[in-house]
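Notes for the one structure printed next.
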Amino acid sequence: MKDYRSHNMNVNIYRERFLRRSLGGFLLCILHLSLFTLWSCDDYDSFTTDRSSTLTFSTDSIVFDTLISTIPSATKTLAVYNRADKGLRISEVWLENGSKSHFRVNIDGQDLTATKARRATDFEVRRRDSIIVRAEVTLPESNSDVANKFEDALLFRLENGMEQRVPLIATALNAFFMRGVTIQADTTFTPQRPIVIYDSLIVAPDVTLTLEAGTQLLFHQESGLTVRGRLIARGTIERPVVFRTDRTDHIFDYLPYDRLPSRWEGLRFTAESFGNQLQGTDIHGGNYGIICDSTGLDDLKLTLVDCRIHNFGGDGLHITDAHCVVSNSEISNTSGHCVRLLGGSYAFTHCTLAQFSGFGDALNIANVDQGVYHPLTAATFESCVITGYAEDVVMGLWIDTSELSSDEAAAIGTVADAFLFDHCFLATEIPTEGDYADRFINCVYDDPEAEFNHEKNFTTIDRRAFLYDFTPLEESPIRGTAKMTSRDSLPNDLRGHSRFADEQPDAGAYEFVKVES
């Protein structure tokens, strides 16, 4: 028979040995962890004065976008890294120009401009760690009409005696400022300096505002231009008249605010305004491009020649019951319609209407709005490109009588004859019998299934960076589509290239030009 007392004794002995070994192992682990922690803390808290250990920076200089004098810049950020295995102490950081500096710098929460000497002391950058520098600048106004460059530097002196330097660079344009101004007498703006508009600008009735070539009007948020009198813009291809935002900085490194829509309002021509002429004009980045209020057809309300109207939060060109002529112009990329015509009389020649960024149409035509009939007497498009990323960007080519009385509907008569597309390149459904097919003469249709279609027809379509070049590619069916007689009155395209360089001109505002390799 087995002795259970002896067995229990052996069990207790084994248990005691196990506990001693486990306890010993546990204590050994604690000891190792403690030593590791002490070693880690000691390493993390250690600093070197070795002169080979220096800081590195996220960029070798802080460069600001071209700024308008007296307007504060956006904030630039610089990361300061210590990539060494031990910490570095920074004895002092200062601005090279001291109290004369126009730059404002905050380093790791300390504001250098809080001291008269523009200095701060005693910073630590632990091993493989970093601190952040933030910089801003406001540049002074001067009597110069050309850009002025301002330079300074941020200097770091390490505990090991090494000094490191980060240049600060900014360029300023002096500008004229107008706030809530109504122009009461004939006035001419020159390109001497950009003109920054706050609280909008108004041209009074019976007054003419003339803009010479190279004039730049920069509009602050929610500001725009209202014309009750007349606007004459005399820009050229080389020196356009420009309407844009007053933001001169970038939202991302690859994207300036100037390329974004809805940064200001836009241009509005009121009912009493006639005889407006815009040539060589670039309008971009507003809530809308141009709005023409209803005026009737007796007088020419607006002429656009060699113009670019692009990147808007609403419609690019919105006209109601007016007589307008548009030639050699690009109207593109809006969140509304590129061109919206309600009633009126219009002639477009060698224009590019391109919708590649919004959900509206490239061209939208109507003669009834909210139950009100707007007579459409003419809407002709000759040698134009009308396209976009959608399969059909030409809308409203029918006469809507559903909201009219029977007498009004009967009075419309042959208004369908007002539409005419002659030698155009179109992204729309191919018209058939009964769909005003006879109003489309020698047109080429942008087939979404073809090798070259929509955006593939053009040199550059970059929606991320808002960069577009609507010059047709060599293989595009846009080539040679235009009407031969169109180039007689418009011998050069929007960039000044000759339309007589090959046998038949291209449709749209841009002529293909072969680049010699």
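Among the residues of the stretch 89-131, which ones are assigned to a strand (DSSP E or B) and open to solvent by 60 Å² or more (accessible area, probe 1.4 Å)? Selection gives Arg89, Arg104, Gln110, Asp111, Arg119, Thr121, Asp122, Glu124, Asp129. Pairs meeting the criteria (first residue in the stretch 288-305 and of a type in the set (Phe, Trp, Tyr), second residue open to solvent by less than 40 Å² (accessible area, probe 1.4 Å), beta carbons under 6 Å, at least 6 apart or on different chains) are Tyr288/Gly266; Tyr288/Phe312; Tyr288/Gly314; Tyr288/Asp315. Among the residues of the stretch 146-182, those that are surrounded by fewer than 16 Cβ atoms within 10 Å (Cβ to Cβ), in contact (Cβ under 8 Å) with a residue 12 or more places away in the chain and assigned to a loop (DSSP other than H, G, I, E, B) comprise Ala147, Gly161. Residue-level analysis places Arg193 outside the set of residues that are loosely packed, with under 13 Cβ neighbours inside 10 Å and under 23 Å from Thr66 (Cβ atoms). Annotation note: of Ala204, Ala271, Ala185, the sole residue that is over 21 Å from the mean Cα position of the chain (by Cα), surrounded by fewer than 21 Cβ atoms within 10 Å (Cβ to Cβ) and farther than 22 Å from Lys301 by Cβ is Ala185. Selection over the stretch 487-517 of residues that are part of a helix (DSSP H, G or I) and surrounded by fewer than 21 Cβ atoms within 10 Å (Cβ to Cβ) gives a count of 2. Modelled with pLDDT of 95 or more, open to solvent by less than 30 Å² (accessible area, probe 1.4 Å) and part of a loop (DSSP other than H, G, I, E, B) - does that describe any residue in the stretch 389-407? No, the stretch 389-407 contains no residue that is modelled with pLDDT of 95 or more, open to solvent by less than 30 Å² (accessible area, probe 1.4 Å) and part of a loop (DSSP other than H, G, I, E, B).
When the stretch 280-303 is filtered for residues that are open to solvent by less than 10 Å² (accessible area, probe 1.4 Å) and either of a type in the set (Lys, Arg) or touching a Phe, Trp or Tyr at 6+ places or on another chain (Cβ under 9 Å) (or both), the ones remaining, listed by number, are Thr281, Ile283, Gly285, Gly286, Gly289, Ile290, Cys292, Lys301, Leu302. Would a scan of the stretch 134-141 turn up a residue that is closer than 17 Å to Val63 by Cβ, among the hydroxyl-bearing types (Ser, Thr, Tyr) and in contact with a Ser or Thr (Cβ under 9 Å, 6 or more places away or on another chain)? Taking every residue of the stretch 134-141 in turn, at least one turns out to be closer than 17 Å to Val63 by Cβ, among the hydroxyl-bearing types (Ser, Thr, Tyr) and in contact with a Ser or Thr (Cβ under 9 Å, 6 or more places away or on another chain).
Selection of first residues in the stretch 205-221 that are without any contact (Cβ under 8 Å) to a residue 24 or more places away in the chain and of second residues that are open to solvent by less than 10 Å² (accessible area, probe 1.4 Å), restricted to Cβ pairs under 9 Å at least 6 apart or on distinct chains, gives the following pairs, ordered by first then second residue: Asp206/Gly229. Any residue at all in the stretch 318-332 that is outside any loop (DSSP other than H, G, I, E, B), at pLDDT 95 or above, out of contact with any Pro (no Cβ under 6 Å at 6 or more places or on another chain) and farther than 21 Å from Ile232 by Cα? Yes - at least one qualifying residue is present in the stretch 318-332. Among the residues of the stretch 73-88, the ones that are β-branched (Val, Ile, Thr) and either within 28 Å of the chain's Cα centre (by Cα) or not in a strand (DSSP E or B) (or both) come to 2 in all.
Examine the stretch 428-448 for a residue that is among the aliphatic types (A, V, I, L, M) and open to solvent by less than 20 Å² (accessible area, probe 1.4 Å), and state whether such a residue exists. Checked against the condition, which is being among the aliphatic types (A, V, I, L, M) and open to solvent by less than 20 Å² (accessible area, probe 1.4 Å), the stretch 428-448 yields no hits at all.
Applying the set (1) in a strand (DSSP E or B); (2) touching a Phe, Trp or Tyr at 6+ places or on another chain (Cβ under 9 Å) to Asn364 leaves exactly one unmet item: (2).
Tallying residues that are among the acidic types (Asp, Glu), out of contact with any helix residue (DSSP H, G or I) (no Cβ under 9 Å at 6 or more places or on another chain) and surrounded by fewer than 18 Cβ atoms within 10 Å (Cβ to Cβ) within the stretch 221-264 yields 3. The residue pairs whose first member lies in the stretch 472-492 and is more than 16 Å from Leu426 (Cα to Cα), whose second member is open to solvent by less than 50 Å² (accessible area, probe 1.4 Å) and basic (Lys, Arg), and whose beta carbons are closer than 9 Å, counting only pairs six or more residues apart or on different chains, are Ser486/Arg499; Arg487/Arg499; Leu490/Arg499; Pro491/Arg499; Asn492/Arg499. Kindly check whether there is at least one residue in the stretch 368-379 that is surrounded by 15 or more Cβ atoms within 10 Å (Cβ to Cβ), modelled with pLDDT under 90, touching a His at 6+ places or on another chain (Cβ under 8 Å) and not acidic (Asp, Glu). Checking the stretch 368-379: at least one residue is surrounded by 15 or more Cβ atoms within 10 Å (Cβ to Cβ), modelled with pLDDT under 90, touching a His at 6+ places or on another chain (Cβ under 8 Å) and not acidic (Asp, Glu).
Assess whether Ala362 counts as being at pLDDT 80 or above and touching an Asp or Glu at 6+ places or on another chain (Cβ under 6 Å). No, not satisfied.
This table checks each residue for (1) of a type in the set (Gly, Ala, Ser); (2) at pLDDT 95 or above.
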{"residue": "Ala74", "(1), (2)": "yes, no"}
{"residue": "Leu88", "(1), (2)": "no, yes"}
{"residue": "Phe103", "(1), (2)": "no, yes"}
{"residue": "Asp122", "(1), (2)": "no, no"}
{"residue": "Ser130", "(1), (2)": "yes, yes"}
{"residue": "Glu136", "(1), (2)": "no, yes"}
{"residue": "Ala153", "(1), (2)": "yes, yes"}
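Counting only strands (runs of 3 or more DSSP E) that fall entirely inside the stretch 201-260 and contain at least 2 residues that are modelled with pLDDT under 95, the qualifying elements are 250-252. The conditions of being closer than 22 Å to Val241 by Cβ, more than 17 Å from the chain's Cα centre (by Cα), surrounded by 23 or more Cβ atoms within 10 Å (Cβ to Cβ) and in contact (Cβ under 8 Å) with a residue 40 or more places away in the chain are met by Thr349.
Give the residues of the stretch 269-308 that are within 19 Å of Asn492 (Cβ to Cβ) and assigned to a strand (DSSP E or B), sorted by residue number. The answer is Gln277, Leu278, Gln279, Thr281, Asp282, Thr303, Leu304, Val305, Arg308.
The values are calculated or read from the model by the stated rules, or taken from the named source; none is laboratory data. Here the structure is a predicted model, which is why all the values come from computation and not from measurement. Here Cβ is always computed from backbone atoms with ideal geometry, including for glycine, and neighbour counts include all displayed protein chains. What goes into the accessible areas is simple: the full protein's heavy atoms, side chains included, and nothing from ligands, DNA or RNA. Shrake-Rupley method; radii C 1.70, N 1.55, O 1.52, S 1.80 Å.
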